[in-house]
């Protein structure tokens with residue numbers, strides 16, 4: 001009798017090539033998705049850490065570091081506090097404990113956009129440096145700093161100056177270079193102790209008649225957009241240095257009164273809408289040059 005032998009082991013069905021490719025593709029997609037999720041998580045974590053670090057550059061974090069604490073401790077003895085290049089975005093709350101101590105306050109090269117009204121409590125401050133921030137305005141309370149002698153607010157985004165600054169009768173030097181100021185700050189006119197005013201690199205278009213009451217010896221208006229110069233500037237009792245380079249002035253802006261009657265002995269006018277011959281041909285130029293030469297002789 002003949003019979004066939006059977007295999008007791010069950011044969012597994014073989015995977016066709018298409019299914020095999022699909023399986024590999026799905027595995028690759030899953031691995032790629034997992035990798036993307038891991039990268040996304042890592043990026044989010046990095047962003048969170050960056051955000052936290054930026055947040056830590058706020059006043060609370062900065063004022064907590066050892067170096068600044070030492071500055072604060074020293075300020076109690078000297079009255080001088082310099083906290084520059086610290087990426088501060090907010091007025092350090094610890095400073096509010098020093099209103100009757102500080103005479104010099106340097107908050108330059110930070111990230112301030114505005115300053116709080118608490119600034120007005122620092123009535124003993126004589127030297128205030130706010131340069132290199134992102135300030136778009138100064139608070140009205142700055143007028144309460146009546147002992148202020150030096151105000152430095154260069155390299156910001158100011159468009160105007162508060163009228164209350166006229167209360168700072170002890171101001172000697174004001175530097176507002178490289179801002180966005182469009183109008184001449186007439187509130188500074190009449191300040192009898194103001195010696196130097198720097199308004200260069202702004203957007204001023206008119207020098208108004210009020211400048212006749214300025215008591216300063218030097219006025220810098222370089223690199224503005226000035227097309228009108230009031231001849232009342234000739235009435236300034238102490239003005240000796242007037243810088244008007246790179247503006248939009250015509251030669252006839254310098255009237256005989258300005259050239260003859262003023263005390264200006266150093267007049268910088270390069271880069272305007274006239275050439276040197278047009279300027280030297282103006283009535284009164286020779287009188288101006290006499291003053292210029294006399295001052296030069298005294299220097300040597």
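Computed from the coordinates by the stated procedures, all read-outs in this text should not be read as laboratory data. Treat the numbers as computed from the prediction; the structure is a model and nothing was measured. Note that each Cβ is placed from the backbone with ideal geometry, even for glycine, and that neighbours are counted across all protein chains shown.
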Size descriptor, Kirkwood hydrodynamic radius, that averages inverse alpha-carbon separations across the stretch 121-176, Å: 11.2 Å
Tail fraction, Cα-Cα pairs, the stretch 120-244, threshold 27 Å, whole percent: 10 percent
The stretch 59-175 - percent relative contact order, Cα under 8 Å, separation 6 or more: 19 percent
Sites residue 74 and residue 228 - FRET efficiency at Förster radius 51 Å, r taken between beta-carbons, to 0.05: 0.55
Distance between modelled label sites at residue 96 and residue 113, nm, 7 Å Cα→Cβ extension: 2.1 nm
Separation of alpha-carbon centers, the stretch 249-283 and the stretch 180-206, rounded to whole Å: 20 Å
Simple spin-label estimate for residue 82 and residue 192 in nanometres, 7 Å along Cα-Cβ: 3.4 nm
Backbone N within the stretch 148-177 under 12 Å of label point (7 Å from residue 218 Cα along the Cβ vector): 173-175
Kirkwood-based shape ratio for the stretch 59-175, expressed as Rg/Rh from alpha carbons: 0.94
